[in-house]
Amino acid sequence: LKIGPRHTGRRRRPGAVMGWGLKPLQVAVWISQAHPLLSKTYQHALDDLRTDAKALRADLHKDPPITPATAAWDGLPAAQPHALAAAPTSGQAGAPRVWGLRGDPSAAPPIFVVNLEARKDRWQAASDALTAADVSFQRWPGVDGRATRLHPDVANDYNTTWNAVYDKTIQGGVRLDLTPSEIGCAMSHVGVWRRINSSQEIKDWACILEDDTTLEPSAGGALAEVLEAVPTNADLVYLVYADMAPAQDQVVVPGVIRPGPVFWTRFYCITKSAASKLVATLPVQGPVDVWLAEKMQPTMHVYAAKDFPAHQNSNFTYDSDIVHSSHAYASKPEILDKLRAQRRILFGHD
């Protein structure tokens, strides 16, 4: 199984995957339908192979010009058109529920929704779900890593050794460059941290939601309960995440744990002081979720909600905007063997 141009040097038809002449979305959907018990590990590996080899090579080695996406990052934009709604007074007819933290209604945290300009479909889905959940939110323009230069706040390369301890699908000791989409993802989150750190309006908590994560209608109340329940020393609270070491979890109060290493940045909340710590520790080195788990989690008071009412939008499961460098270039041979076996089952040949 050939992964990409840095291994093979071959050119393939745009949109084709692994030389089959098929688009990766088709392959992923067919395999998931034919083998519903196929592990998420292999589904993620298929997701990561979705990017066209020619485009990936161009993204990794070109130095594209500054674009509006970069300008938005450098300017740290303030509220977008979908800005936070003003908090209504208590008892106002037809007003959304107002909840606060530790008895302070004005402390209701803003939710920043990271969304690429090109993904209006995701913004619409996220807006609908957040409105149904009765929370205040605003769009944060995501950085398209394919259309921007590397920023000093994000280091370009990293080593997979620590990552491989918890992600058993990849090999340790591999030095990798971040993919353009990983760079854009990290820059997007760092931009929000900087905004939180510099904001005069944000006094305590703020939350960050990636646009392929859908909140259920009960999420507003659940968010309030979680942030009220966590200890007063909390810096960061994960709400939608991958628990990479469940055996290390410690129950703090019902519904809240002190987790072991946590991956994913799909939905989490940080305090203003935590944003300051994150900014002071830059640059991010490696995928932003792994960097948070490896470098920041041991030095911060991190908690996580159990069974938070949210999920990754199934419509976007096979339409990820992130190409993971570790899975694309450091997957263990046995993982690739499993993918070959699935191909033989489906197509009768390697």
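Mind listing just one residue for me: the one in the stretch 138-167 that is of a type in the set (A, V, I, L, M) and in a loop (DSSP other than H, G, I, E, B) and, of those, nearest to VAL114 (Cα to Cα)?
VAL143
Of the residues in the stretch 272-287, how many are in contact with a Lys or Arg (Cβ under 8 Å, 6 or more places away or on another chain) and open to solvent by 10 Å² or more (accessible area, probe 1.4 Å)? Give the derivation first.
Of the residues in the stretch 272-287, the ones in contact with a Lys or Arg (Cβ under 8 Å, 6 or more places away or on another chain) are 272, 275, 279, 281, 285.
If we keep only those that are open to solvent by 10 Å² or more (accessible area, probe 1.4 Å) too, we end up with 272, 279, 281, 285.
Total satisfying the criteria: 4.
Within the stretch 218-298, considering only strands (runs of 3 or more DSSP E) that don't extend past its boundaries, which have at least 1 residues that are without any contact (Cβ under 8 Å) to a residue 12 or more places away in the chain and not β-branched (Val, Ile, Thr)?
Counting at least 1 such residues, we get 250-253.
VAL230 - would you say it is β-branched (Val, Ile, Thr), open to solvent by less than 10 Å² (accessible area, probe 1.4 Å) and more than 17 Å from VAL288 (Cα to Cα)? Don't jump to the end; show me each part of the working.
Numbers: β-branched (Val, Ile, Thr): yes; open to solvent by less than 10 Å² (accessible area, probe 1.4 Å): yes; more than 17 Å from VAL288 (Cα to Cα): yes.
So VAL230 fits the description; yes.
GLN200 - would you say it is open to solvent by 20 Å² or more (accessible area, probe 1.4 Å) and more than 28 Å from GLN248 (Cα to Cα)? Don't jump to the end; show me each part of the working.
Values: open to solvent by 20 Å² or more (accessible area, probe 1.4 Å): yes; more than 28 Å from GLN248 (Cα to Cα): yes.
It is true that GLN200 is open to solvent by 20 Å² or more (accessible area, probe 1.4 Å) and more than 28 Å from GLN248 (Cα to Cα).
Conditions first: (1) modelled with pLDDT under 90; (2) not in a helix (DSSP H, G or I). SER106 passes all but one, so which condition is the exception?
Failed condition: (2).
Open to solvent by less than 40 Å² (accessible area, probe 1.4 Å), over 15 Å from VAL284 (Cα atoms) and out of contact with any Leu (no Cβ under 8 Å at 6 or more places or on another chain) - does that describe any residue in the stretch 124-132? First the steps, then the outcome.
Of all residues in the stretch 124-132, those open to solvent by less than 40 Å² (accessible area, probe 1.4 Å) come to 125-127, 129-130.
From what is left, the residues that are over 15 Å from VAL284 (Cα atoms) are 125-127, 129-130.
Pick out the ones that are also out of contact with any Leu (no Cβ under 8 Å at 6 or more places or on another chain) and you get 125, 127.
Yes, the stretch 124-132 contains a residue that is open to solvent by less than 40 Å² (accessible area, probe 1.4 Å), over 15 Å from VAL284 (Cα atoms) and out of contact with any Leu (no Cβ under 8 Å at 6 or more places or on another chain).
For ALA186, are the conditions met, namely being open to solvent by less than 10 Å² (accessible area, probe 1.4 Å) and within 25 Å of THR232 (Cα to Cα)? Let's see the steps before the verdict.
Working: open to solvent by less than 10 Å² (accessible area, probe 1.4 Å): yes; within 25 Å of THR232 (Cα to Cα): no.
No: the conditions fail for ALA186.
Going by the conditions given, is ILE202 β-branched (Val, Ile, Thr) and at pLDDT below 95? Steps first, please.
Numbers: β-branched (Val, Ile, Thr): yes; at pLDDT below 95: yes.
Against the criterion (β-branched (Val, Ile, Thr) and at pLDDT below 95), ILE202 qualifies.
Take the stretch 258-271 and flag every residue that is surrounded by 19 or more Cβ atoms within 10 Å (Cβ to Cβ) and either of a type outside the set (A, V, I, L, M, F, W, C) or over 16 Å from MET296 (Cα atoms) (or both). It would help to see each step written out before you state the result.
The first filter runs over the stretch 258-271 and keeps only residues surrounded by 19 or more Cβ atoms within 10 Å (Cβ to Cβ), leaving 259, 261-262, 264-271.
Across the stretch 258-271, the qualifying residues are PRO259, PRO261, THR265, ARG266, PHE267, TYR268, THR271.
Return the only residue of ASP153, ASP167, ASP134 being in contact (Cβ under 8 Å) with a residue 40 or more places away in the chain and at positive phi. Please lay out each step first, then the result.
Working: ASP153 fails: at positive phi; ASP167 fails: at positive phi.
Selected residue: ASP134, the only one of ASP153, ASP167, ASP134 that is in contact (Cβ under 8 Å) with a residue 40 or more places away in the chain and at positive phi.
Mind listing just one residue for me: the one in the stretch 168-211 that is part of a loop (DSSP other than H, G, I, E, B) and in contact with a His (Cβ under 9 Å, 6 or more places away or on another chain) and, of those, nearest to PHE137 (Cα to Cα)?
Restricting attention to the stretch 168-211, the residues satisfying the condition of being part of a loop (DSSP other than H, G, I, E, B) are 168-169, 171-174, 178-179, 199-204, 211.
Adding the requirement that they be in contact with a His (Cβ under 9 Å, 6 or more places away or on another chain) leaves 169, 179.
Numbers: THR169: 36, THR179: 29 Å.
Checking each candidate, the answer is THR179.
The values are calculated or read from the model by the stated rules, or taken from the named source; none is laboratory data. Predicted, not measured: the structure shown is a model, and the values here were computed from it. Don't worry about glycine lacking a Cβ; one is built from the backbone with ideal geometry, like all the others, and counts go over all protein chains shown. Please note that ligands, DNA and RNA were not included when accessible areas were found on the heavy atoms of the full protein model with its side chains. Shrake-Rupley method; radii C 1.70, N 1.55, O 1.52, S 1.80 Å.
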